[in-house]
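The values are calculated or read from the model by the stated rules, or taken from the named source; none is laboratory data. Quantities reported herein were computed from a predicted structural model and do not represent experimental measurements. Heads up, the Cβs are rebuilt from the backbone with ideal geometry, glycines too, and the neighbour counts pull from every protein chain shown. SASA here: full protein model, heavy atoms, side chains in, ligands and nucleic acids out. Shrake-Rupley method; radii C 1.70, N 1.55, O 1.52, S 1.80 Å.
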Amino acid sequence: MYPDFPLDPSTPPGGQPAFWVGPRHLAGDDKRLYDTVADTLARLGWTSLTIVRGRHQPDEADEDRQVLRSTVLHISPDTLRWAQWNLADEPFHLGDLPIAWQISARADTSSPLAQWSAYFTPDVPGESVADFLAALDARDQPAEPIAGPELVLDAVAAHGWLRDIDQPQAAATDPTFTSHISLGEVPPLIQDADPRALTTEADEVGPAGWQAWAEPALGAPCLWAVSFGASVPHDLVAAFAASLSSTAPVLRRVLPEATQERLLRAPAI
């Protein structure tokens, strides 16, 4: 589905016709999630670093080298925010899907620890991750909350998503009930500076963060999943949610098998 390492992230799939596709939240990532996000970060002026770890025996040819782990790290000019491509780096899973991008921010340079992190699996629309990063890059203080959770629900409601009947202040779904966004307890391993993330007992409710996912059919595997740590500012989540729920079509060559029958498409001429 993805190369072990993005040697040429600018190369699109060749020989495949392009279509304008909607709805965006079911359109997948065109198998170019690394490319789309990395190109956005390059335009924003972020620096990319490649970290490769492995074993190299004496007199061993380079092509025989056993690479154990590799990752690509992108860092903002002020070093307060960073994005890490995890798919080739033994990622942990979210909703049975591997984490592809982990995006983090800290309050100041005096601490090496992230104030919050957000996690995106494959098939999250790359446009939505890029819009999240653009909003993050534009913020002077990437870790300071400046708005409430209502902003997130207003963003999707403006594009026709429906508020949950039982949780109108905390959850919404698209009109076909396949994609969802909800404010609730974050899954295990989600990094956050909120101390409750580390001290919550098994029978206690942990800190609340935004989660989003697409379930093409009831009981079917998720197409994609996203998790925002409890301390991710709501306005940044709203930027992602507004992009995800946008009614504007997106350009695709590769469609997800699980949702291709649900997609409207028109040839891109």
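Touching a residue at least 24 places away in the same chain (Cβ under 8 Å) and surrounded by fewer than 19 Cβ atoms within 10 Å (Cβ to Cβ), is that true of L223?
Working: touching a residue at least 24 places away in the same chain (Cβ under 8 Å): yes; surrounded by fewer than 19 Cβ atoms within 10 Å (Cβ to Cβ): no.
So L223 fails the test.
Picking from A118, A147, A138, which residue would you name as being open to solvent by less than 40 Å² (accessible area, probe 1.4 Å) and modelled with pLDDT of 95 or more?
A118
What residue, of T50, T71, is surrounded by fewer than 19 Cβ atoms within 10 Å (Cβ to Cβ) and either under 16 Å from the mean Cα position of the chain (by Cα) or at pLDDT 70 or above (or both)?
T50
Which one is nearest to L244 (Cα to Cα), of the residues in the range 92-115 that are among the hydrophobic types (A, V, I, L, M, F, W, C) and either open to solvent by 20 Å² or more (accessible area, probe 1.4 Å) or in a helix (DSSP H, G or I) (or both)?
Among residues in the range 92-115 that are among the hydrophobic types (A, V, I, L, M, F, W, C) and either open to solvent by 20 Å² or more (accessible area, probe 1.4 Å) or in a helix (DSSP H, G or I) (or both), the one nearest to L244 (Cα to Cα) is L97.
So which of R163, R81 is more than 19 Å from A225 (Cβ to Cβ), touching a Leu at 6+ places or on another chain (Cβ under 7 Å), open to solvent by 50 Å² or more (accessible area, probe 1.4 Å) and modelled with pLDDT of 95 or more?
R163
Can you find a residue that is at pLDDT 95 or above, open to solvent by 50 Å² or more (accessible area, probe 1.4 Å), among the polar types (S, T, N, Q) and assigned to a loop (DSSP other than H, G, I, E, B) anywhere in the range 236-251?
Within the range 236-251 (the criterion being at pLDDT 95 or above, open to solvent by 50 Å² or more (accessible area, probe 1.4 Å), among the polar types (S, T, N, Q) and assigned to a loop (DSSP other than H, G, I, E, B)), the answer is yes, since at least one residue qualifies.
Among the residues of the range 172-210, count how many are modelled with pLDDT of 95 or more and either open to solvent by less than 20 Å² (accessible area, probe 1.4 Å) or farther than 17 Å from L162 by Cβ (or both).
Total meeting the criteria: 7.
Restricting the first residue to the range 98-111 and requiring it to be polar (S, T, N, Q), which pairs with a second residue that is modelled with pLDDT of 90 or more and assigned to a strand (DSSP E or B) meet a Cβ separation below 6 Å and a spacing of at least six or different chains?
Q102/Q84; Q102/S117; Q102/Y119; S104/W82; S104/S117
In the range 70-82, is there at least one residue being within 23 Å of G22 (Cα to Cα) and assigned to a loop (DSSP other than H, G, I, E, B)? Break it down into steps so the answer makes sense when it comes.
To start, the set of residues in the range 70-82 that are within 23 Å of G22 (Cα to Cα) comprises none.
For the range 70-82, residues within 23 Å of G22 (Cα to Cα) and assigned to a loop (DSSP other than H, G, I, E, B): absent.
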